[in-house]
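Notes follow once the structure below has been shown.
What follows draws every value from the coordinates through simple rules; no lab data is involved. Every value quoted in this text rests on a predicted model; they were computed, and no experiment measured them. For neighbour counting, all protein chains shown are included, and Cβ atoms are generated from backbone atoms with ideal geometry for every residue, glycine included.
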Amino acid sequence: MSFNSLGLSEPLLKALSRQGYKTPTTIQEKAIPAIFKGGDLLASAQTGTGKTAGFTLPLLQILSESPVQRKRPIKVLILTPTRELAAQILMNLEQYSQFLDIRSTVIFGGVSANPQINALQKGVDILVATPGRLLDLESQHKLSLSQVEHLVLDEADRMLDMGFLRDIKRILRLLPTKRQNLLFSATFSKEIKQLANTFLTNPAIVEATPENTTVDKINQTVYRVDKKKKPALIIELIKKGNWRQVLVFTRTKYGANKLAEKMSKNGINAAAIHGNKSQNARTKALADFKKGTVRVLVATDIAARGLDIPLLPHVVNYELPNVPEDYVHRIGRTGRAGANGEAVSLVSIEELDLIKNIAKLIGFNPKTKTLEGFEPTDEIVEKPKAQKPSANRNPRSNQGRSNQRKSSGNKPKRRRY
Ligand code: AMP
């Protein structure tokens, strides 16, 4: 299949060839014709599938086919959960529309509203927005949504996770009832289905897994290690392996800061990116990471959501996510665009159940290694059935372990991964 056969116009084809895109991705093959048909769409696709082009290309073409109105009312509204994703969508729109007379802009919180208001006042055809700033500027009458013809809800599942449901409902009430609705979500939870039912009419349903599925091209390794040795292990892996561009996931913002500081002290240029950082600090960290001046970007799940960093060679789960699907999202950041990627997870004893659930989801056990000098000492020792209660109250104490080892015929079972 070629972009040409999807019915895209010359100016778009020219822009795509400048981007170096040769063939459409699965989601593009499925979503583009469905959007051209004009009906609603429910698409299951996550970052990395090429979903952004999947909705921006047909919408750009549809807009370019109707005459430009002098005042340029907003015709397309694209809602996204995070500022970074919003900025990336705008960047894609600008790339794809470089040979078209279409104006796009982005609005999000955390930065001054004035430049955004100025851009809006000049008139824009496509507005990319995060919900809070959109409602804020709408309530100040800095923009009008009364002529929106196409609505895109991107990463809808993450929007719900971030508590945007109320805002989304408020925004829906500000839109004309006759419009095309496109909902993109990485997962189809009950909540997403409920949301889809409230505003989609007979949607076409399309699905796409990432171009490089986790099973395919991503080399996944688990390092079993004691929790307290994780900082030293990750530093060792990065230094010994001479890893250049590493995205590291932590569970908490505090943990992200602490780890980035520790790495910097150990001569590895690192920056943290999370919701407590100012927008400027986040943008700078991401730009420095892309340029290569920052070698390690430590991120929380939400901050990393939607970050588009092409050809990322290494992703590290410093701590495993609670939700197995998040593991797939995280490691989907590596091995993009046909390149092989490496995903490493540092797993302490407390996380063994999490990695089991992940293995169940992806359908296999990632290979497990230990690094010399970092062998785990905190193995769980399960109580043998006949054991006296007093013999091993504390399974982690050396005393308890040596007692068990001595009890012949009633060997403790060790849980390993
Ligand atoms: P997305 O899933 O929209 O975040 O896109 C992931 C990455 O794939 C982005 O860097 C896009 O520029 C890139 N991309 C999108 N479509 C194509 C394509 N057809 N061929 C090659 N790269 C693409």
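Numbers for the structure displayed
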{"quantity": "Shape call, segment 90-186: gyration tensor on alpha carbons, a/c limit 1.5", "calculated": "rounded"}
{"quantity": "Principal axes of segment 214-369: Cα extent on each, largest first, Å", "calculated": "40, 35, 29"}
{"quantity": "Segment 44-134: trypsin sites (Lys or Arg not before Pro) in DSSP loop, at most 14 other beta carbons within 10 Å", "calculated": "ARG70, LYS71, LYS122"}
{"quantity": "Sites ILE205 and VAL323 - FRET efficiency at Förster radius 25 Å, r taken between beta-carbons, to 0.05", "calculated": "0.60"}
{"quantity": "Most to least packed among 190-200, 88-98 [average Cβ atoms within 10 Å]", "calculated": "88-98, 190-200"}
{"quantity": "For segment 26-114: rounded, prolate or oblate by the Cα gyration tensor [a/c cutoff 1.5]", "calculated": "oblate"}
{"quantity": "Antiparallel %, DSSP beta bridges [both residues in the chain], to 5", "calculated": "5 percent"}
{"quantity": "Extended-chain gain in nm, criterion 0.36 nm per residue less alpha-carbon gap, GLU191 and ARG173", "calculated": "4.6 nm"}
{"quantity": "Computed log₁₀ I(q)/I(0) - Debye formula, equal Cα scatterers, no solvent, segment 141-234, q 0.13, 0.18, 0.21 Å⁻¹", "calculated": "-0.64, -0.91, -1.10"}
{"quantity": "Cα-centre dipole for segment 51-100 with unit charges at Cβ (Lys and Arg positive, Asp and Glu negative), debye to 20", "calculated": "240 debye"}
{"quantity": "Value of D in µm² per second that Stokes-Einstein yields for the chain, Kirkwood Rh from Cα pairs, at 4 °C (1.567 mPa s)", "calculated": "55 µm²/s"}
{"quantity": "HIS141 versus PHE364: modelled label distance in nm, points set 7 Å from Cα along the beta carbon direction", "calculated": "6.2 nm"}
{"quantity": "Dipole magnitude of the chain, debye to nearest 20 (Cβ charges: Lys/Arg +1, Asp/Glu -1, about Cα centre)", "calculated": "1720 debye"}
{"quantity": "Helix-only mean residue ellipticity at 222 nm for the chain, each DSSP H run of n ≥ 4 adding -39500 (n - 2.57), per residue, nearest 500", "calculated": "-11500 deg cm²/dmol"}
